[in-house]
1. Using a Förster distance of 25 Å, how high is the FRET efficiency between Asp49 and Arg111, based on the Cβ-Cβ distance and rounded to 0.05?
2. What's the extension gain from Arg197 to Thr42 if we count 0.36 nm per residue and subtract their Cα-Cα distance?
3. Please find the FRET efficiency linking Arg103 to Leu8, where r is the Cβ-Cβ separation and R0 is fixed at 35 Å, and quote it to the nearest 0.05.
4. Please give the contour-minus-distance gain from Glu90 to Trp28: 0.36 nm per residue of separation, less the Cα-Cα distance, rounded to one decimal in nm.
5. Distance in nm between label sites at Asp69 and Val221, each 7 Å beyond Cα in the beta-carbon direction?
6. Where does each of 86-99, 204-217, 48-61 land if you order them by average Cβ count within 10 Å, highest first?
7. With a 1.4 Å probe and every protein chain kept in, tell me what percent of the accessible surface of the stretch 1-59 is carbon plus sulfur.
Amino acid sequence: MSSVRGPLSAVLLVLACLLVPLGAVSTWSRYEIGDADNYVATMAPLASDPAVRSAVADAVTDAVMEEIDVGPLQGTVRAFVRDAVGSFSETAAYKTAWNAANRAAHDAVQRALRDSSDGEVTIDLAPITQRIKQQLSDDGVPFASKIPVKHTEVTVMRSADPGWLREVFRLLQAAGLWLPVAAVVLAVAGVLLAVRRRRAAIAVALGAVLAGAVLAVAVAVTRGLTLDDLPADVSRGAVG
């Protein structure tokens, strides 16, 4: 009987370890990316990141300056608008507008990860532009009331990945919490079937740690490759 239990236990423990990184990704994709509230909560801290604030300020300033012409004062006005946007990005109102923009972008993120068509996921900065327009108007800037609030978009994701990656993501998102639950069940079953349970428990714990480390390395490598592939005009700091 022990001759059967040993190999069967080993197989179950190996499967449990293999499911650890998959379970982490499936849980993340289902409950972090798939849920709008969790997605917004994850993106919210980026509003305070200096690189992101700078990228948003540049985008909004460019959009505003495209709509006004003050002749030789263009450079001075640009600097004034840039400072105003920078100051606004430190306020609670900016964070509220940022969260609203990300909530609106959530469905686009889902479509980019699920659909087979290529495209970009963008965050619409129009709510922030509207706030800046109001702030400039309150400060008595003459041209402020005439600034049209157009859609100013910052690209956060390009969905040009191979189709099989989207298929894998769909499967992981559908699996959700079932994969980590399956990993736990397999680990417990493997330990109970083992002839030497203490050794089996230690082995599966070490295997889970190793699997987690492999996932961390994969994320780090993928992040590096993504940043290296950015166009020259895209802020590496903000994307990072």
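The values are calculated or read from the model by the stated rules, or taken from the named source; none is laboratory data. Quantities reported herein were computed from a predicted structural model and do not represent experimental measurements. Cβ coordinates were reconstructed from backbone atoms using ideal geometry, including for glycine residues, and neighbour counts include every protein chain displayed. Heavy atoms of the whole protein, side chains included, go into the accessibility calculation; ligands, DNA and RNA do not. Shrake-Rupley method; radii C 1.70, N 1.55, O 1.52, S 1.80 Å.
1. With a Förster radius of 25 Å, E is 0.50.
2. Value of the extension gain: 51.8 nm.
3. Efficiency computed from Cβ-Cβ geometry: 0.15.
4. Computed gain between Glu90 and Trp28 is 19.4 nm.
5. Distance between label points: 5.4 nm.
6. Ranking the peptides 86-99, 204-217, 48-61 by packing returns 48-61, 86-99, 204-217.
7. Roughly 70 percent, rounded to a whole number.
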